[in-house]
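Notes follow once the structure below has been shown.
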Amino acid sequence: MMKITYNSEFEDLIDSMEKKTDSNLEAGKMYGGVLGWKSIINFPKGYAFSSRFFLKSLYELGVDVRYEYAYGPGTPFTPDEARVSEDRVLQEILNKNFLTETVQVLYGQGDIFYKNNGKYKVGFTMLETDGVPKEWVAQCNQMDEVWVPSKFNVETFKNSGVKVPVRIVPLGVDLKHYYPARDTGEQNRRFVFLSVFEWGRRKAPELLLKAFNRAFTAQDEVVLICKITNHNPAVDLKHEIDNLELKSSGGQIEIFENVDLTEFEMAELYRHADCFVLPTHGEGWGMPILEAMACGLPVIATGWSSQMDFFDDDAGYCIRVKELVEADNTNQYYMGFNWAMPDEEHFVHLMRHVHENRSEARKKGRLASERARNKWTWQNSADIIYNYIKDINI
């Protein structure tokens, strides 16, 4: 059985970091009405992470955006949320009274759209499978319109029976933190593959670890660093990985479990790597893929679901999909639907190819960074929202 490194001195990876201050906000366009934003911001959830950026980017455009917590007792996520933030802009938004006679966006799972009590109702959500639950469809059809982040979800929502207009509002990347490393001409002694994900079936962690362990040997100057989030107390991560019986003679892996990083530290981790890998079964957006692209990394990821709006073989390496298979039936939102099964042999081939063709891979990484910076930003996302809401008469 191979030796796995757990939570070694993480600071060794980011010891050259220096803090960066945010630039001053600059007001831009002015939206005359009030926009209600009902969501989540103060928990370690994907919706909360992106919601904070949506709110701040809309504020920068001059939109009078008001916030209210969407979850709590009686919803799929029951804890109450404190109405405080260490961020100055978010706290300014939180200090304002929430109004209902407005355009109101509910940003969260599709089965809480019933909590949208605005005058013009927008439901904003996403899902990683090839279909949408009936309850989501029913609640979507009670909205005036629905927003999703990708063409993939426009198709899956419409095919599942959503009849109201479905429009695309992409997520973005924070360019203050996620940018390429300076080219010093120096190369890592080891070639570093990086993966960032929450442990669970959708991210295909077993496939990732087995494929990497098989793709390389312990003598190769190459390593896979996995930054893994595990909030499930029933999951013993070390036990799960030990059960994979990875070979000590295979590619070497370092595991960092539940390591909290600032945004700058997270970006430095990407910049420390040579290639980002994620053989996912499906993504509602694929934020780590976009963050890695913005940092100039070549990315190897599954060629299916929402990330295909910004990721392709021109700016990365798409893992072929063998077939669509039944999704995780222990998740109520996935029951009865399918997701992608990435081709493990092709994944192994792509990792070896990138390792052996570094100049080509770096060129793709540069193109990926340009693509992310030119289009897939939070400012772009806020502009799209602004253009959707500015002509709504209520």
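What follows is calculated from the coordinates using simple rules that are stated; it is not laboratory data. Just so you know, these numbers come straight off a predicted model, no measurement behind them. Don't worry about glycine lacking a Cβ; one is built from the backbone with ideal geometry, like all the others, and counts go over all protein chains shown.
Of all residues in segment 54-103, those being closer than 27 Å to Ile168 by Cβ and outside any loop (DSSP other than H, G, I, E, B) number 17. Whether a residue is among the basic types (Lys, Arg) and in contact with a Gly (Cβ under 9 Å, 6 or more places away or on another chain) was assessed, and Arg201 does not pass this test.
Give segment 310-330 a look and list any residue that's in contact with a Gly (Cβ under 9 Å, 6 or more places away or on another chain) and over 21 Å from Leu350 (Cα atoms), or say none. Correct list: Glu326, Ala327, Asp328, Asn329. For segment 135-165, the tally of residues that are in contact with a Pro (Cβ under 9 Å, 6 or more places away or on another chain) and closer than 22 Å to Gln307 by Cα stands at 4. When residues in segment 349-367 are screened for being closer than 25 Å to Leu324 by Cα and buried (at least 19 other Cβ atoms within 10 Å of the Cβ), 2 of them pass.
Within the set Arg189, Arg214, Arg201, the sole residue that is among the basic types (Lys, Arg) and within 30 Å of Lys38 (Cα to Cα) turns out to be Arg201.
Return yes or no: is Val137 surrounded by 19 or more Cβ atoms within 10 Å (Cβ to Cβ) and among the β-branched types (Val, Ile, Thr)? No: the conditions fail for Val137. Scanning segment 190-243 for residues that are of a type in the set (Val, Ile, Thr) and either closer than 27 Å to Gln332 by Cα or out of contact with any strand residue (DSSP E or B) (no Cβ under 9 Å at 6 or more places or on another chain) (or both) gives Val196, Ile228, Thr229, Val235, Ile241.
If you go through segment 303-343 and keep only what is under 20 Å from Asn357 (Cα atoms) and surrounded by 14 or more Cβ atoms within 10 Å (Cβ to Cβ), you end up with Phe311, Asp312, Ala315, Gly316, Tyr317, Cys318, Ile319, Arg320.
Could you please tell me which pairs satisfy a Cβ distance under 7 Å, a separation of 6+ or placement on different chains, a first residue in segment 365-394 that is free of Cβ contacts under 8 Å to residues at least 40 places away in the same chain, and a second residue that is surrounded by fewer than 16 Cβ atoms within 10 Å (Cβ to Cβ) and in a helix (DSSP H, G or I)? Partner pairs satisfying both residue conditions: none exist. Scan segment 368-394 for residues that are surrounded by fewer than 16 Cβ atoms within 10 Å (Cβ to Cβ) and more than 30 Å from Val146 (Cβ to Cβ) and the total you get is 1.
Do we have Lys247 as in a helix (DSSP H, G or I), more than 14 Å from the chain's Cα centre (by Cα), more than 30 Å from Val132 (Cα to Cα) and of a type in the set (D, E, K, R) here? It is false that Lys247 is in a helix (DSSP H, G or I), more than 14 Å from the chain's Cα centre (by Cα), more than 30 Å from Val132 (Cα to Cα) and of a type in the set (D, E, K, R). Of the residues in segment 184-200, none is over 23 Å from the mean Cα position of the chain (by Cα), buried (at least 19 other Cβ atoms within 10 Å of the Cβ), within 28 Å of Leu127 (Cβ to Cβ) and touching a residue at least 12 places away in the same chain (Cβ under 8 Å). Looking at segment 104-181, none of the strands (runs of 3 or more DSSP E) lying wholly inside it contains 2 or more residues that are among the β-branched types (Val, Ile, Thr), over 22 Å from Asn42 (Cα atoms) and touching a residue at least 60 places away in the same chain (Cβ under 8 Å).
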